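Each remark here refers to the structure printed beneath this line.
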């Protein structure tokens with residue numbers, strides 16, 4: 001049986017009637033921009049994280065730029081960011097006028113560490129973007145100890161927990177989320193949020209998302225038009241209560257992988273110390289990742305190499321990327337995402353493992 005890389009449809013199927021009814025409520029209300037659904041979602045999402053404020057914005061990339069602007073990042077500043085991440089983590093920096101400075105990551109967790117960040121710091125460092133990659137949790141407290149504000153890029157980490165039970169997205173000075181449809185908490189189009197417990201940052205982000213204005217009449221900042229849509233907020237209010245259960249399903253799938261014999265042929269991802277990842281993606285490593293991909297393809301198993309060309313080597317980042325990041329380059333070469341979803345079964349995990357073992361069988365021929 002084919003095994004898809006994602007399965008977003010099955011978890012949503014029981015909610016179809018509720019989702020459709022919610023859309024009808026919004027249509028009937030006639031409120032489509034920054035209405036009660038956005039306010040309701042902002043309050044509920046912040047409460048779920050243990051934070052004071054959530055500000056709905058158009059997408060996760062805008063969320064990062066707005067968060068940096070709210071922190072006062074601007075021309076002449078530097079922002080440290082990992083290169084082994086989706087391009088948007090770095091793309092959000094130049095619109096502020098600042099320069100991205102790329103750092104390496106830990107080979108087991110795929111996340112930045114205090115040491116990799118410190119190696120990239122200069123007197124011009126204004127902030128650090130910490131990416132909770134693939135749903136793992138980076139050591140925010142250790143990095144904050146370096147004395148610079150931390151922006152959590154939690155786009156892939158909704159539902160992830162620290163050893164103390166705190167949620168990714170509530171750990172740093174400010175955090176950003178993407179609700180792209182394939183995320184752990186996905187909307188039905190583009191959507192994002194900025195999260196903070198700092199009153200001044202909350203106020204500034206709310207102004208920046210709406211043309212730099214508080215009241216549509218006085219414009220105090222050069223801002224953006226980046227608002228969470230009322231329809232998307234309404235749908236997210238329906239799905240938010242299911243996030244933890246869906247993440248538990250992902251953790252069960254990860255446990256099934258760990259209990260299978262997949263680890264005999266591929267290096268499995270490791271949770272950060274004491275943390276409970278949300279496993280947005282389940283990314284293994286193999287010295288011949290393309291051969292592993294071919295074996296999975298032959299068995300109709302979903303897979304994807306996400307960052308074969310790391311961000312610091314992308315054409316648009318060449319002016320910023322003159323740096324050697326050996327771990328990043330090795331991860332880029334050897335990583336491969338394999339099926340992960342809240343409803344991935346043990347039988348499907350067994351099929352993935354069986355297909356992966358074909359790499360060993362082919363090598364022995």
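Derivation of every value follows stated rules applied to the coordinates shown; laboratory data play no part. If you're wondering where the values come from, they're calculated on a predicted model, not measured in any experiment. Neighbour counts are summed over all protein chains in view; Cβ atoms, including those assigned to glycine, are modelled from backbone coordinates with ideal geometry.
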Task: Cα gyration tensor shape of the range 130-216, rounded if a/c is under 1.5, else prolate or oblate by comparing a/b with b/c - done: oblate
Open item on the list: Quick check: the distance between the Cα centres of the range 166-203 and the range 305-365, to the nearest angstrom?
Closed with: 26 Å
TODO: For helix 230-239, report the angle its Cα long axis makes with the longest principal axis of the Cα atoms of the chain; keep it between 0 and 90° and round to the nearest 10°.
DONE: 50 degrees
- [ ] Sort the range 243-363 into rounded, prolate or oblate with this rule: let a ≥ b ≥ c be the square roots of the eigenvalues of the Cα gyration tensor; rounded if a/c is under 1.5, and if a/c is not under 1.5, prolate when a/b is larger than b/c, oblate otherwise.
- [x] oblate
Task: For the chain: rounded, prolate or oblate by the Cα gyration tensor [a/c cutoff 1.5] - done: oblate
TODO: Kindly express, to the nearest 10 degrees and within the range 0 to 90, the angle between helix 16-29's C-alpha long axis and the longest C-alpha principal axis of the chain.
DONE: 20 degrees
Open item on the list: Using Cβ counts within 10 Å as a stand-in for footprinting exposure, how do 229, 248, 77 rank, fewest first?
Closed with: 248, 77, 229
- [ ] With springs connecting C-alpha atoms under 10 Å apart, model the chain as a Gaussian network and identify which of 266, 138, 13 has the largest mean-square fluctuation.
- [x] 13
Open item on the list: Modelling each spin label as a point 7 Å along the Cα-to-Cβ direction, I'd like the residue 219/residue 267 distance in nm, to one decimal.
Closed with: 5.1 nm
Task: Residues 132, 280 arranged by fewest to most Cβ contacts within 10 Å - done: 280, 132
- [ ] With springs connecting C-alpha atoms under 10 Å apart, model the chain as a Gaussian network and identify which of 69, 313, 31 has the largest mean-square fluctuation.
- [x] 31
Task: Most mobile of 348, 297, 232 in a GNM of the chain (Cα contacts under 10 Å) - done: 297
Task: Ratio of the Cα radius of gyration of the range 2-119 to 2.2 N^0.38 Å, where N counts its residues - done: 1.43
- [ ] Run the numbers on the range 144-217 and let me know its relative contact order in percent, using alpha-carbon pairs under 8 Å that are six or more apart.
- [x] 22 percent
- [ ] Could you state the angle between the C-alpha long axis of helix 36-49 and the longest principal axis of the C-alpha atoms of the chain, as a value from 0 to 90 degrees rounded to the nearest 10?
- [x] 60 degrees
Task: Alpha-carbon centroids, the range 1-60 and the range 233-277: separation in whole Å - done: 21 Å
Open item on the list: I need to check one value: relative contact order of the range 9-241, counting alpha carbon pairs closer than 8 Å and at least 6 residues apart, in percent.
Closed with: 26 percent
Open item on the list: How high is the relative contact order of the range 157-314? Use alpha-carbon pairs under 8 Å, at least six apart in sequence, and give a whole percent.
Closed with: 21 percent
Open item on the list: Taking the beta-carbon count within 10 Å as an exposure proxy, list 89, 226 from fewest neighbours to most.
Closed with: 226, 89
